[in-house]
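Okay, structure first, notes after.
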Amino acid sequence: MNSERKQHLRELPSANLCLDHPEVRALLRAYPRQRVVSAVRMAIGQMRIGLLQGQLGWLSRNELLVLAVSQVRTTLLGQACEGIQRVINATGIILHTNLGRAVLPEVSLEALVSVGRGYSNLELDLTTGKRSSRQAHVEGMLAKLTGAEAALVVNNNAAAVFLCLHTLANGKEVVVSRGEQIEIGDSFRIPDVIRQTGAKLVEVGTTNRTYLSDYANAITASTMVLLKVQRSNFHMVGFVASVSCGELAALARSRGLISMEDLGSGNLADLSRFGLRAQPTVNHSISEGIDLVTFSGDKLLGGPQAGIIVGRRHLVQRLAKNPIVRIMRIDKLTIAALEALLELYLDDEGLVEALPVLSMLALTQPELEARAVQLASLILDNVNGKGNAAVIDAEGEMGGGAMPGIKLPGKAVAFRPGHRSAHQIQTSLRLVGSQPPGGCLLPVVALVDADQVVFHLRTLLPGDEAEIVKALAVVMGGPST
Ligand SMILES: *Cc1c(COP(=O)(O)O)cnc(C)c1O
């Protein structure tokens, strides 16, 4: 080996020197020590190979240290955990399907932990000591809250729709407006689902306008169901017309048919108190006479993933007897969480505060602004002048196929990361997560706009601001206290 290379090798930093570097010390506060140490050893080892093989040009002692430190950070950030874990939602989208939709209320979490930790009366009637139905825990409350005669809960709303049509319309015709032939995403397309149930889809009306007479004229001896589908993820404006659930229910009744509504993000609370355009409620559809209404548990309702069916008792009884219901049954944890959630709806006073989905929706501009100002200043204190942070106006949305077209005015912190690109920082923020035990950083999901990383305040939970600051300090190499 030539002496120049030998000399160069002696300039490589030691592991201890790296571990003592302020940026690595910040990493040590965020990651388990063992992981940082092995990342340091790996960085030095790779640089040694680079020098020996001549791939690494001549660098000063200090430049080698800086390179090693940046290599350590890259290694740690690249080891993002593969398993499911909590993440911070800074997107301003309250029901983000990719991020798990609704954040559960505390009472639901307590209920599912308690039921999961031991045995439960899942299918046991404690009064009689006899076998009972798991549905009994939620059916009564659902009926009470929606005004329906009976209820049945399955795995998700897609399953609920499938179960209804498979049970009631197999081999028969289901009439749906052309304006409601929707796709929800993840390949849930109303026409495909209907075909899979064995029912025959009969389309009526046009894309933008469907009248009651369209439904009436389509009814044949084979017709069984008149189906209405909520346009949950898009919004139709202009020259449009559709039939109200009351009209559809009345037509079905007069012709001896079943009226059904897939309400998607159907909810139980009146959201007009938030100054929002009225959203379809389950109670409204039931009171208008719809025979069966289906909706999701984890959309506007704000609970666990579930498909809830409410409506006429004789129809719900037929659904419960369909053998296919076993394939889509909900587990005890969901029942526990859902039951606790529904109890919240019995008390209208405390509802908004207790239900994260509604608390987020209820946040006012001054509240969001105050939190944004605080986050911006925390960020500036912790990134060592390596970027700039400012409070901006930013619109969020409900998401998850709820309240399409409605923007929620809000506040965000826009971070301009000095000489690095916002996309690079956005990616690194997603990768900072470290797995327990010892892991103490949560991945942060933020947005990018105009080369700034944008953190929306509305979807942050208490304590999330501190997590964002910690993660950003690690990613930017700031001090992180
Ligand atoms: C979201 C949605 C579904 C699917 O509900 P999941 O609970 O996600 O299965 C079905 N129909 C409509 C109208 C929806 O908005």
Problem set entry | Efficiency of FRET from Cβ geometry, Leu109 and Glu367, R₀ 30 Å, rounded to 0.05 | 0.80
Exercise. 222 nm [θ] for the chain, helices only, -39500 (n - 2.57) per DSSP H run of 4+, per residue, to 500?
Worked result: -12500 deg cm²/dmol
For this session: Can you tell me which of 445-455, 303-313, 92-102 comes out highest on packing, and rank the rest after it, using the mean Cβ neighbours within 10 Å?
Result: 303-313, 92-102, 445-455
Exercise. Using every alpha carbon pair in region 221-289, what percent of pairs falls into each 5 Å bin from 0 up to the bin containing the largest distance?
Worked result: 3, 15, 22, 23, 19, 11, 5, 2, 0, 0
For this session: Compute the FRET efficiency between Phe239 and Arg329 as 1/(1 + (r/R0)^6), taking r as their Cβ-Cβ distance and R0 = 35 Å, and round to the nearest 0.05.
Result: 0.20
Problem set entry | Whole-percent carbon and sulfur share, accessible surface of region 353-426, 1.4 Å | 52
For this session: Give the range of the longest stretch in the chain that excludes all GluC sites (Glu not before Pro) found in loop regions by DSSP and having at most 12 other beta-carbon atoms within 10 Å.
Result: 83-348
Exercise. Once the Cβ-Cβ distance between Glu183 and Glu4 is put in as r, and R0 is 60 Å, what FRET efficiency do you end up with, to the nearest 0.05?
Worked result: 0.40
Seminar exercise, completed: Pseudo-spin-label distance Gln46 to His314, built 7 Å along Cα→Cβ, given in nm, is 7.1
Seminar exercise, completed: Taking placed amide H atoms and a strict 5 Å upper bound, the residues 5 or more places from Ala394 or on another chain that come that close are Gly410, Lys411, Ala412
For this session: Check the straight Cα-Cα distances from Lys200 and name the aspartates and glutamates below 13 Å, setting aside those fewer than 8 residues away within the same chain.
Result: Glu173, Asp192
Seminar exercise, completed: Mean accessible area per residue over region 100-168 (1.4 angstrom probe, all protein chains present, square angstrom) is 49
Exercise. Any idea what % of Cα-Cα pairs in the chain are farther than 35 Å?
Worked result: 46
For this session: Enumerate the amide H contacts of Val432 below 5 Å, restricted to partners 5 or more residues apart or on another chain; note that Pro and chain-start residues carry no placed amide H.
Result: Val444
Exercise. Give me the log10 of I(q) over I(0) for region 178-303 at q = 0.09, 0.13, 0.19 Å⁻¹, as the Debye formula computes it from C-alpha points; what are the numbers?
Worked result: -0.26, -0.55, -1.21
Exercise. For Leu126 and Asp20 in one chain, what is 0.36 nm times their gap in residues minus the Cα-Cα distance, to one decimal in nm?
Worked result: 31.9 nm
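So for Ser60, Ser296, Ser38, what's the accessible-area order with a 1.4 Å probe, most first?
Ser38, Ser60, Ser296
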For this session: Given a cut-off of 31 Å, name the pairs among Lys332/Lys407; Lys299/Lys332; Lys332/Lys470 whose C-alpha atoms lie farther apart than that in the structure shown.
Result: Lys332/Lys407; Lys332/Lys470
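The values are calculated or read from the model by the stated rules, or taken from the named source; none is laboratory data. Keep in mind that this is a model prediction, so the values were computed, not measured. All Cβ positions, glycine included, derive from the backbone under ideal geometry; neighbour counts span all protein chains shown. Heavy atoms of the whole protein, side chains included, go into the accessibility calculation; ligands, DNA and RNA do not. Shrake-Rupley method; radii C 1.70, N 1.55, O 1.52, S 1.80 Å.
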